[in-house]
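A short worksheet on the structure shown next.
The values are calculated or read from the model by the stated rules, or taken from the named source; none is laboratory data. Not measured: the values here are computed from a predicted model. Glycine also receives a Cβ, built like all others from the backbone with ideal geometry; neighbour counts cover every protein chain displayed. Note: accessible area is taken over every heavy atom of the protein model, side chains too, but ligands, DNA and RNA are not part of it. Shrake-Rupley method; radii C 1.70, N 1.55, O 1.52, S 1.80 Å.
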Amino acid sequence: ANYCLDRIYQGGMALCTHNAATGREETMPHDIPKAAARKKVVIIGAGPAGLEAARVAGERGHDVVVFEAASQPGGQILLTAQNQRRREMIGIIDWRIAECERLGVKVSYDTWAEAETVRDERPDVVIVATGGLPHTEILKEGSDLVTSSWDIISGDVKPGQNVLIYDDAGDHAGLQAAEVIAKAGGKVEIMTRDRAFAPEVMAMNLVPYMRELQKRDAVFTVTYLVKAVRRQGNQLVAVIGSDYGGIHKEQTHDQIIVNQGTRPNADLYFALLPFSKNNGAVDYERLIAGQPQPDGEGQFQLYRIPDAVDARKTHAAVYDALRLV
C-alpha cells in the first residue's frame, strides 16, 4: 500500500492503511479492551469499515452479526485488488474475516438487509457500512452516456479504443481505470480541472502508475473540464471548458469515463433513523475524547461510517470504525 511512507513524506506521521492504531498508540489501542456489558451489534456491509467494526466489536466481547449484500466480502478493496500490482491489498479483508471467524462474528452473505431485517435482530447498536456508489451525474447533459471507472476496473464494461477519462476525484480509481484501458491497447487521455492530476494518489503509488501509463503514451491534461457529452453516430463528443473561462472546444471519443468518487449508499441508514436512540448522530467531542457515546430513547444506537457518509480512503474507513467501536 505504501501509505505509511507517503504519510511520513507528506504528513510527518507513520500511519498504516491496515492498522489504524499504528502511530496513534496514545489514543488507539492495539489490544482491544473488553466491554463492561455485552451488547448485540448489527453491522451492514462487509467492506473494510464494516469488517473492522465487526472485528473490534468481537474483541470487546459483543454478539456481532454482519449482513453483506454481495456473495463475498471486500467492498471497494475487491476493485483495488483487480490491479495485479496491488492484489495483496485483499489481505486487509482476508485478515479481518479470519479474525471475525476466530471471534465468533456471524457474517451473512447474499443478504440485502432492509430495516425490518435489522430490527428483527433486536440490536443494541447498528452500524451502517454500506459504502457508496459511483457518482457520474455531474455533466450539464449526457451523464447517461458516460461510464464509471468502476465499470472498467471490474470488467463490467469493455475498454474503448479512444478513451477520455474526466477525473474530478483524483484518486486511485481514475488511474487504475486508465491502466486497464492502456494495457488493453486503447488510447487514453486523463483530463482534470485541477492544476495537477491525481492529487489523492501519493508519491509512492504514483510512480508505478506513471511507468505503466507513460510507456503506453497516455496523455495527461490539466486545467480543463468536461461540461457535456453528446452522441454523434457511434462516437461521443465531449464539450470541453475551463474554470478560468474563455474556452469552448470539442473532441471525439468512443468512450468517456467520469471518475467523481462516490455518493453514499445510505437508504438503509435513513430508514432506520426513526427507531434510533441517538437520531443517527455521533457526539464528536466524546468520540475524540475516547468516551462512550450517549444513550437515549429508542430501540438502538445508530451510526454510519466512511463511504456511507462520504467518499473516503481505506485508511479512514478502518480508523473511523476502530475509533467508534
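Just a yes or no: is a residue in segment 38-50 farther than 30 Å from GLU212 by Cα and part of a helix (DSSP H, G or I)?
Restricting attention to segment 38-50, the residues satisfying the condition of being farther than 30 Å from GLU212 by Cα are 38-46, 49-50.
Okay, now just the ones that are also part of a helix (DSSP H, G or I), so 49-50.
Within segment 38-50, one or more residues are farther than 30 Å from GLU212 by Cα and part of a helix (DSSP H, G or I).
Would it be correct to say that GLY170 is under 22 Å from ILE77 (Cβ atoms) and in a helix (DSSP H, G or I)? The answer is no for GLY170. The requirement of being open to solvent by 10 Å² or more (accessible area, probe 1.4 Å), of a type in the set (S, T, N, Q) and closer than 30 Å to GLN299 by Cβ is not satisfied by ASN234. If you check VAL188, VAL201, VAL219, VAL229 for being without any contact (Cβ under 8 Å) to a residue 40 or more places away in the chain, within 20 Å of HIS135 (Cα to Cα) and among the hydrophobic types (A, V, I, L, M, F, W, C), only one passes: VAL201.
Selection of segment 277-325 for residues being of a type in the set (Asp, Glu), touching a strand residue (DSSP E or B) at 6+ places or on another chain (Cβ under 9 Å) and open to solvent by 60 Å² or more (accessible area, probe 1.4 Å) yields ASP295, ASP310. Going residue by residue through segment 74-84, is there one that turns out to be in contact with a helix residue (DSSP H, G or I) (Cβ under 9 Å, 6 or more places away or on another chain), closer than 19 Å to LEU302 by Cβ, in a helix (DSSP H, G or I) and at pLDDT 95 or above? No, there is no match, as no residue in segment 74-84 is in contact with a helix residue (DSSP H, G or I) (Cβ under 9 Å, 6 or more places away or on another chain), closer than 19 Å to LEU302 by Cβ, in a helix (DSSP H, G or I) and at pLDDT 95 or above. Count of segment 253-276 residues, restricted to those that are open to solvent by 50 Å² or more (accessible area, probe 1.4 Å) and under 20 Å from ALA49 (Cα atoms), is 4.
If I ask for residues that are more than 19 Å from ARG87 (Cα to Cα), of a type in the set (S, T, N, Q) and in a helix (DSSP H, G or I), which ones from segment 133-167 would you list?
So in segment 133-167, the residues more than 19 Å from ARG87 (Cα to Cα) come out as 133-148, 157-167.
Those left that are additionally of a type in the set (S, T, N, Q): 136, 143, 147-148, 161-162.
If the condition is that a residue be more than 19 Å from ARG87 (Cα to Cα), of a type in the set (S, T, N, Q) and in a helix (DSSP H, G or I), then SER143 is the only one that fits.
For segment 17-50, residues that are free of Cβ contacts under 8 Å to residues at least 60 places away in the same chain and hydrophobic (A, V, I, L, M, F, W, C) total 4. On inspection, ALA228 does not qualify as at pLDDT 95 or above, among the aliphatic types (A, V, I, L, M) and either in a loop (DSSP other than H, G, I, E, B) or open to solvent by 60 Å² or more (accessible area, probe 1.4 Å) (or both). Within segment 13-69, the residues that satisfy the criterion of being among the acidic types (Asp, Glu) and either in contact with a Lys or Arg (Cβ under 7 Å, 6 or more places away or on another chain) or farther than 23 Å from ASP310 by Cβ (or both) are GLU25, GLU26, ASP31, GLU52, GLU59, ASP63. For segment 106-126, residues that are in a loop (DSSP other than H, G, I, E, B) and open to solvent by 20 Å² or more (accessible area, probe 1.4 Å) total 9.
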